[in-house]
Amino acid sequence: MRVDRFLSNLPCFNRKQVRLLLVEKRVRIDGQTVSDPHADVREFSRVEVDDEVLQAGKALRHFMLHKPAGCVSATRDPQHRTVLDLIAEPDKDDLHIAGRLDFNTTGLMLITNDGSWSRRLTQPQTKLAKVYYVETEQDIGPEYAVKFREGLYFAFEDLTTQPAGLELLGPKSARLSIVEGRYHQVKRMFGHFNNKVTHLHRERMGPLTLDNALKPGEYRPLSDHEIELI
Ligand code: URA
C-alpha cells in the first residue's frame, strides 16, 4: 500500500496532515526517511512518524529445505506428511512454499513468509531457471533436446512451453532446465515421448542451489546474500 494511503487510513491523520508529514520528512519506513507519497508500505515494513512506531513490521523468513520423497508440497494434508511438518519454527501458518514439487520429487524447496520474494522466484516472466536431475524408464533420444528447445504444446493450458535446455548425462538420465513451473511439467515433457520419469530431483532455482550439506528432510535459513539474489 502507498504510504500516504497507509497513513491517512489511520484515525490520527487526515490527508492534509499526511502530505505535511511527508514534506517535513517525519516519516520513516524500515529506518529510511521517505517523502514520496507512493513509497510502498508492506505488512513487513516498520513505519515510524517522529519517534512513534505506527507499525512494528514482521521479520521476513526464508528457508531452504531438502525435500525428501513421500512428502506433500502443501502446508496441510489430511493424509500425508507435509514439507511444513519438517520445519521446526514458530508461526508456521505464515509460511508458504515457493514452487511446489510432486509427492515423490526430491530436492530444493524454498519456504518463506515473503510473498513478493516468492513471486519473483516463480513467475514465468522473470525466467529464472529451475534445474532438475531426471532419470527415465526408456532411453532419452537426441530428438528430445530439439523438441524441448522448440517448446511443447500443452493442450490443457493451451500454451506452448518456453524453450528448455536438456543435457544428456547417460542413456536414461539428463539435466533439464526450465523457466516455468507448469503442473507436472517435467513428467509431461518426457511423457510427450511416452517416456516415464522414474526419478526427479530439483537441484537449483535461479541462483539458489540446494546445499549439499542438507540431507533429505533437513533445512536451514537462507543467508542475507542468498535472499538478495532473488
Ligand atoms: N515437474 C514435475 O513433473 N514434477 C515436479 O515435481 C516438478 C516439476
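The values are calculated or read from the model by the stated rules, or taken from the named source; none is laboratory data. Not measured: the values here are computed from a predicted model. FYI the Cβ positions are ideal-geometry reconstructions off the backbone, even for glycines, and counts take in every protein chain you see.
The listed residues are 156, 103, 190, and the only one of them that is hydrophobic (A, V, I, L, M, F, W, C) and touching a Cys at 6+ places or on another chain (Cβ under 9 Å) turns out to be 103. If the condition is being exposed (fewer than 12 other Cβ atoms within 10 Å of the Cβ) and part of a helix (DSSP H, G or I), then the range 121-148 contributes 125, 142, 143, 146.
Scanning the range 105-120 for residues that are surrounded by 14 or more Cβ atoms within 10 Å (Cβ to Cβ) and either among the hydrophobic types (A, V, I, L, M, F, W, C) or on the phi < 0 side of the Ramachandran plot (or both) yields 105, 106, 108, 109, 110, 111, 112, 113, 114, 117, 118, 120. Within the range 111-122, does at least one residue satisfy the condition of being within 16 Å of the ligand (Cβ to nearest atom) and either at pLDDT 95 or above or of a type in the set (Asp, Glu) (or both)? Checked the range 111-122: at least one residue is within 16 Å of the ligand (Cβ to nearest atom) and either at pLDDT 95 or above or of a type in the set (Asp, Glu) (or both). Scanning the range 166-195 for residues that are away from the ligand (no atom under 11 Å from the Cβ) and part of a loop (DSSP other than H, G, I, E, B), we see that the one that is nearest to residue 143 (Cα to Cα) is 193.
Go through (1) in a loop (DSSP other than H, G, I, E, B); (2) over 18 Å from residue 108 (Cβ atoms); (3) in contact with a strand residue (DSSP E or B) (Cβ under 7 Å, 6 or more places away or on another chain); (4) more than 15 Å from the ligand (Cβ to nearest atom) one by one and return the number of the condition residue 163 breaks. Against the list (1) in a loop (DSSP other than H, G, I, E, B); (2) over 18 Å from residue 108 (Cβ atoms); (3) in contact with a strand residue (DSSP E or B) (Cβ under 7 Å, 6 or more places away or on another chain); (4) more than 15 Å from the ligand (Cβ to nearest atom), residue 163 comes up short only on (3).
Of all positions in the range 211-230, none carries a residue that is within 13 Å of the ligand (Cβ to nearest atom), crowded, with 19+ Cβ neighbours inside 10 Å and at pLDDT 95 or above.
For the range 28-49, the count of residues that are part of a loop (DSSP other than H, G, I, E, B), more than 23 Å from residue 113 (Cβ to Cβ) and at pLDDT below 95 is zero.
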